[in-house]
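Structure, as structure tokens:
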Amino acid sequence: MLALTSSTGKLGSAVLRSLLEHKLVDPQNLILLTSSSIDAPSLAPYKSAGTQARSINYESPTPETFAGATSILVVSTPRISMDFNNAPLGSGREKHHIAVINAAVAGGVKHIFYTSLAFGPHSEAGVMRAHLRTEAYLSSLREKGKVRVTVLREGLYNESWPLYLGYYDLKKDRERGEIVLGGDGKICWTSIPDLGLATALVISDDKAGEKYDGKTMYLSSSPDGAKTLQEIAELVGKERGAELTVKVVSREEHVRYYVEQKGMEEPSVEWWSSTYPALEKGECIIHDTTLTDLLSTKGVKPQKVEETVKEMLAA
């Protein structure tokens with residue numbers, strides 16, 4: 001039995017759709033874990049197909065939640081506020097991750113797949129802090145022989161370009177001419193549907209224990225299609241018919257601008273601003289063909305970020 005957390009989230013739902021659409025797993029062997037209501041309309045089609053839906057409390061998950069599951073995909077929690085103000089070890093998002101991991105192991109899960117993020121292995125980006133802490137915890141459990149572990153470092157979403165591009169608002173920023181950023185660098189943008197399929201192929205593999213145990217895998221598109229935020233801004237400007245440029249400033253200036261000029265909360269901006277120095281270091285240029293190799297087995301080619309930009313602006 002395979003259990004999935006965040007079954008109604010962006011990545012989790014993409015994984016779920018891929019598992020079923022490509023018939024990678026018998027629906028009756030799927031357990032959908034959600035912090036939302038198990039009666040949510042979004043889960044209805046999957047329940048009708050034969051999957052089980054169970055509630056999960058990330059604050060205090062119980063081993064019973066994972067009863068019958070032999071493997072689990074743990075999708076990182078979106079509660080980013082837990083990471084703010086340089087949250088000490090055990091207080092950031094890893095708190096929820098570790099609680100789920102411990103309950104899963106206690107409930108009999110033998111293999112944990114964890115969705116991390118495709119930054120450098122020793123990144124100082126705030127967004128990676130909880131991921132690295134969770135990865136380290138999983139590694140310690142594996143070393144003790146308690147569980148098999150596979151870390152999936154998912155590429156930066158095509159669909160998240162507005163966040164990286166100065167919190168660009170698709171509806172309100174049509175007239176915005178300049179984006180202030182604390183740095184820039186190329187990113188191997190990767191679409192959520194592509195990540196969903198690649199992840200589904202890994203976690204459903206009958207030989208996953210042999211092939212993937214102990215591995216940290218990067219699921220990311222090719223550097224050939226990598227684009228900087230300046231290049232994304234140019235794409236946006238072209239689509240909307242009005243030039244859009246990027247102004248690179250210091251990290252301190254970046255924080256001050258979004259707090260004072262845009263009225264954003266300082267802890268949030270401070271946390272996110274550490275992303276830009278990581279981009280400048282080239283952390284998000286991923287030289288790994290795993291994603292494209294996996295997609296090719298289903299005749300799928302990665303979606304280019306420029307296609308996603310056009311679709312989002314058109315919508």
Intensity falloff of the range 254-315 expressed as log10 I(q)/I(0), Debye formula with alpha-carbon point scatterers, at q = 0.13, 0.14, 0.17, 0.19 Å⁻¹: -0.66, -0.73, -0.88, -0.93
Fraction of alpha-carbon pairs over 26 Å apart in the chain - percent: 48
Calculated from backbone phi, Karplus (6.51, -1.76, 1.60) coupling profile of the range 214-228 in Hz, x at Gly/Pro: x, 9, 10, 10, 8, 10, 8, 6, 6, x, 4, x, 5, 9, 6
Mean Kyte hydropathy of 0.5 or more with a Cα span along the axis of at least 15 Å, helices from DSSP in the chain: 10-21, 94-106, 192-203
Choice from Leu156, Leu11, Leu141 showing the highest fluctuation, given a GNM over the chain with Cα pairs closer than 10 Å: Leu141
FRET efficiency estimate (nearest 0.05) - Cβ-Cβ, Lys238 to Thr216, R0 30 angstrom: 0.20
Beta bridge orientation in the chain: antiparallel %, DSSP, nearest 5: 5
Distance-filtered residues of the range 205-239 - backbone nitrogen under 12 Å, label point 7 angstrom along Thr70 Cα→Cβ: 205-210
Convex hull volume of the range 157-272 per residue (C-alpha atoms, cubic angstrom): 140
Ratio Rg/Rh [Cα only; Rh per Kirkwood] for the range 1-152: 0.96
Rg(Cα)/(2.2 N^0.38 Å) for the range 16-58, N = residue count: 1.11
Qualifying lysines (Cα of each under 21 Å from Cα of Lys146; at least 8 residues distant if same chain): Lys95, Lys110, Lys207, Lys211, Lys215
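Values in this text are rule-based calculations from the coordinates and carry no lab data. Keep in mind that what you see is a predicted model, and the values were worked out from it rather than measured. Ideal geometry is used to build each Cβ from the backbone, glycine not excepted, and the neighbour counts take in all protein chains shown.
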